[in-house]
1. When you check ALA227 against the structure, is it buried (at least 23 other Cβ atoms within 10 Å of the Cβ) and within 26 Å of ASP469 (Cα to Cα), yes or no?
2. Return yes or no: is THR414 surrounded by fewer than 22 Cβ atoms within 10 Å (Cβ to Cβ) and β-branched (Val, Ile, Thr)?
3. (1) crowded, with 20+ Cβ neighbours inside 10 Å; (2) farther than 22 Å from PRO81 by Cβ; (3) within 32 Å of the chain's Cα centre (by Cα): which one isn't true of ASP993, the others all being true?
4. Sort out which residues of region 927-955 are β-branched (Val, Ile, Thr), assigned to a strand (DSSP E or B) and surrounded by 19 or more Cβ atoms within 10 Å (Cβ to Cβ), and write them in order of number.
5. Using the structure shown, decide if SER434 is small (Gly, Ala, Ser) and touching a strand residue (DSSP E or B) at 6+ places or on another chain (Cβ under 6 Å).
6. Could you grab me the full set of residues in region 316-333 that are modelled with pLDDT of 95 or more and either of a type in the set (S, T, N, Q) or not in a helix (DSSP H, G or I) (or both)?
7. Taking GLN533, is it touching a Leu at 6+ places or on another chain (Cβ under 7 Å), outside any helix (DSSP H, G or I) and surrounded by fewer than 18 Cβ atoms within 10 Å (Cβ to Cβ)?
8. Kindly provide the set of residues from region 463-495 that are within 13 Å of PRO606 (Cα to Cα) and modelled with pLDDT of 95 or more, ordered by number.
Amino acid sequence: MRFSRSVVALAGAALLTTAAGVAATASTRGLAQEAARTRVGAGWQSGAQPGDRQRVLTLLTGDRVAVTARPGMPEQVRFLPTAGSGSAGATVSRANGHTFVVPFAARTPIASGRVDRQLFDITTLLAQLGDDQASDRIPVIIEYDGPPREAAAKAQRALPGSADGTALTSIGARAESVRRTTANEFWQSLAGTGLQKRSAQAVRKVSLDRKVAPALDRSVPQIGTPAAWKRGLTGKGIKVAVLDTGIDATHPDLKGRVQAAKDFSGSGNILDHDGHGTHVAGTVGGSGAGSKGKHRGVAPEVTLLNGKVIDDDGMSSESKVIAGMEWAVAQGAKVVNLSLHADGTDGTSALARSLDALSKKSGTLFVAAAGNGCGGRGLIQAPGAAEQALTVANLERDGSLNESSCLGPNPDHTGKPDIAAPGTDIVSALAAGSEGQPVDKYYTPMTGTSMATPHVVGAAALLAQQHRDWKGDRLKARLISTADPLGKQPLDDAGTGRVDADQATDNSITVDTAELEMGTYLWPHRAPKPFSQVLTYQNTSTTAVTLNLTAPLDPGATGAAPKLSTTKLVVPAKGKASVTVSADPGRGKVGRHTGRIIATPAKGDPLFTSYGWFLEPEMYDVTVKGILGDGTPADSLLFVTRPDGGPVDTWEGNGGPDLINGVAKMRIAPGVYSIAGTFLQPATATTADRLVIAAQPEVRIRKTTTVTLDARKAVPVKVALAGKHQLVPAASSMAYYRLNRFGKLSGFEEVEIDDAPIELRAVPTSGVTVGKMEFSAASRLETPAYRLKLGTKELPVAELTDGPRFAGTKQLTAVNAGTGTAADLKRAVGKLAVVAMDGMQAQAEIAEAAQRAKVGGVLFYDPNISGFGVDSLFLGDRTLRIPVLQTSREVAKTLPGKVVRIDGALGSPEVFDLLKAWAGRVPARPVHQYWKPQLARIAESYAVHSTATQLWESKVGYTPLGEAHGLSPLPLSIGPFRRIAYVRPGQWEQRVDIGSADTSSRGRSGAHRYRTGERRTVNWRGPVATSGLPSKTTTWPSDIGVQRTGKNLVIGLAPFVTGATQYEEPDGLSDGTYALSLKRDGKVLVEADELSLNGPVPDAPGNYQLALDVQRSQPWWKYSTQIRSTWDFRSRAGAAEAMPLILADVNFPQATSLNQVRVGTATPLTLSLRHQTGAPTAPFTGVKLLMSYDGRTWTPVPLHKKTDSVYTASLNHPDAQAGSTVSLKLDITDAAGGRLQQDITKAYGLTKWKGGT
């Protein structure tokens, strides 16, 4: 069996640079990398709109996913299971702007917490790794169970299918780089460790190894450094590790300062080709030698350790940073600078946990950037989110917070960032050969929390020199408690204030705690337990000091401030004194409340201890129980949305909590919720597999609530053809679709299966009163391509998806061939081998071995279930000429020794696509039958260029609310091919792929609304293919067209268009080249090796020329191998405009199905002209068509004008040209000055054949 996909969806980066200047550099680098494709054109970028390409990437299970993102539309996802992965299907969820594709084999490991769901976050994977063409590896971190020493020992051993492993002993883990080609082998080795079982003690968790990228003249004095220098504190003897892009040790400020260096980035060198690390190192401890002391660092005599964790392209991964941190600790670093950040805002990522573990074990202080441009509160990412990290915000020169600095608190409502420092326009060391805007040959300015962090690191080094016995926690507390307050700046913006090296190294009074977390108090805050903690102050001077103590709340906080046991505290000379802080936080407004305990001496600056607590808003505990059809607990991913339009927890972007052992718990705000899950009920001896959608579409939360999703109440879902018909199911799907009260998609859940003996079921629901709901089901039924007869009795049989196509008839004696071993197959020479398949076995290998052994055919069956249960064949590049099919175990056991007849065809001659939607609820009986006269009939023909061409086809039907039931392309036939298709009335669109097992191209057809009883003819890929745009007479994706909006022009061209209504998708080209250029008033605006671009143009009238050159050569693409097109048109300017491109369609109604025209006879040709849909039109004033057999000598073709836009001709090619090709040249003009010039090389072939089409 094979699931195409099972979808559960919601409507809804890398370890990013923390230096805005570096981000700009990285952007420039990206443009440089694009230079090979976009040679001219400032401001132009690839893509008609951002993200309108299809990409294919391999998941950790070895399964693949094809993703196409289109502007204003949900991403289209195709799940492509791999044989042996154990993934019969997948769930696809969309939440918080991210798309997750989770194969069934990974559901339990993810639900149990053993596998990071981000390994199946398609949005993140594409952003961080790219698709299979961009990267051939999947980086992961594997954490092991057991005590630290035991786990560390396990981490020394690599798993099969991986390479380039590194042990990460701080967290008992191993970083592995999994080859995409061996991902399935790696997944199976993980499964062998017991990953699928919650009781497994080997692997604790597998996480995505997230990517990493890097995030002073006035700033150094600004933090009180000169005063510390006067005390003789310069960082001498203190080791500081800079984990970054490397350090330029030849820079005058850093020469002789780097004691040790190591590359963790994979660059193969320790040099800094980026400049970020050198800039950071200069701020930490540059000597100022290159500026006569002007750009001196904070701790100019520290010993530097250069850990290059970021490569020369500015990228890294969590594991590389972890390895660098472990190395820094081993080298004796007192302080570590981490001017970088990554995904993981809750402090539980591998990077954050490694930092916490190393801090506690070694006493090293890790100082981390808060990050830049996080886009809201509570988004400080790892490593800054780690509890033990000293997290730094970025200040402007005037002491205000830089608007790009990321804001706290952490998601658990604990305080972050801890402190702030100058990070805007910081001038520091410039690495040789790096980019930037230097102030001179040795220095350059940069901005970001990356630049603020080394100021704090330098201050920590000065303090560590003064107190060599202090560990990181004391250094951290001292720096936080002595920071300069920043007026009314909230703690969650900039911590306690700007780091102050002067006070940190001067004040004789210290406090043991610089941050008090008073807790989170759950609604309804009834009699919360009072908070109480003792603060101890120590006086190292020889004179007693009296401290005046206050505990004011920050501006905006409500409720009572904490109480102090005394407001005057005398701290004796060389002694300690304590004050008790108590609070009753259960009063005040809901939300986070912060403040500072201020201890002010008679002389000197005050000490600060921050405090904070969180009063939860109205929330209720909700328990979701999941029950399978047999009464056992259900493990599933849940998706929780708000039809009332209210905000909802995104569960870290996952869309909902996980059902584990049948239970999921969440705490959510009052409101109206939709809670849905998809349950997979395994087959039994008497039942097939079952997929169940269980949803509660309208749950009102006003109190503690239990919601039950009970698959025992599920009923069959089916859409069928009424009457007696010999049909087999090719695919089926069902969908739960929910719109909120504003008419926007609140969530949907879809299940689709291909040719699988799986029963679809759903739990009936009540109607909805908030928003809209729709439940729908679709099915594809086919006349069997294979038929198996025993005498006159027809037996149930089906082909295997992606299996071989056999045309003809065979009479064979069936023989029991066991499980298909070599010995088993010897008994089946010249006979039909009946083979038992158990699970995901290598069907293709068995079938191939059977052909080599001269077996007459193979009949698979699953001995464990009733009905069909054998997975797809996945032939790949194998060629099989024998029939390979499947049947049920009941039939298979009766066949040995009997003679059967097999009739095979290249494809099903008749297909039915049926779709039914029920509004407002899942009905009590979601079953519907159509009668054949109710359907529309389509005569379909599929032309090809060569007889070995493979075809795949699918149709997408739309429900009244707009839900698209889109089947993954199914094997259609070996072309050429004809069939009759029927569809239920309504809107449908079609996709037809063409190619071979290795390469293919995607063809699309626009949507057509069919009527009851309508008869229509659809011809695919007939001659001649042109370039340009399809006729947008119906719904088309918005990435196809040439449109201008204001000062932006969007270009999306189709490389090949046939019959005006079909086109090859721009990113469907699996080979070939394409070059595009655009001129305005004779000046080149952009040149690119792209089909889709967007960029700036003047908002004024102008004359444009758009040129496109497309080339393709494949065994399955012999004609229209090169098309050179030039469009001249005039833009009128204004708010919005579709450009008036002239487009031409050339058609030979009597061409053969191999795109050939017969010689020696008059053959009609039709030339149809049009403008881009939606553009202004003008009469066509000149129409020329020329033809050539050799591409050098051109002959005009006489044209007959039927209408202004339709011309005909009659061509009679001489017999001598049989076997050759004809090239065409078009030259069309219109009254508005528009022009199309198009040369089509080898437009069609010539043949003597006089047979049928």
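1. For ALA227, the condition - buried (at least 23 other Cβ atoms within 10 Å of the Cβ) and within 26 Å of ASP469 (Cα to Cα) - is not met.
2. On the way: surrounded by fewer than 22 Cβ atoms within 10 Å (Cβ to Cβ): yes; β-branched (Val, Ile, Thr): yes.
The answer is yes for THR414.
3. (2)
4. ILE938
5. no
6. Matches in region 316-333: GLN331, GLY332, ALA333.
7. On the way: touching a Leu at 6+ places or on another chain (Cβ under 7 Å): yes; outside any helix (DSSP H, G or I): yes; surrounded by fewer than 18 Cβ atoms within 10 Å (Cβ to Cβ): yes.
Yes, satisfied.
8. First, the residues of region 463-495 that are within 13 Å of PRO606 (Cα to Cα): 478-485.
Listed by number, the residues that qualify are ARG478, LEU479, ILE480, SER481, THR482, ALA483.
The values are calculated or read from the model by the stated rules, or taken from the named source; none is laboratory data. Just so it is clear, the structure is predicted and the values come from calculations on it, not from any experiment. A quick note on method: Cβ atoms are made from the backbone with ideal geometry, for glycine too, and the neighbour counts reach across all protein chains shown.
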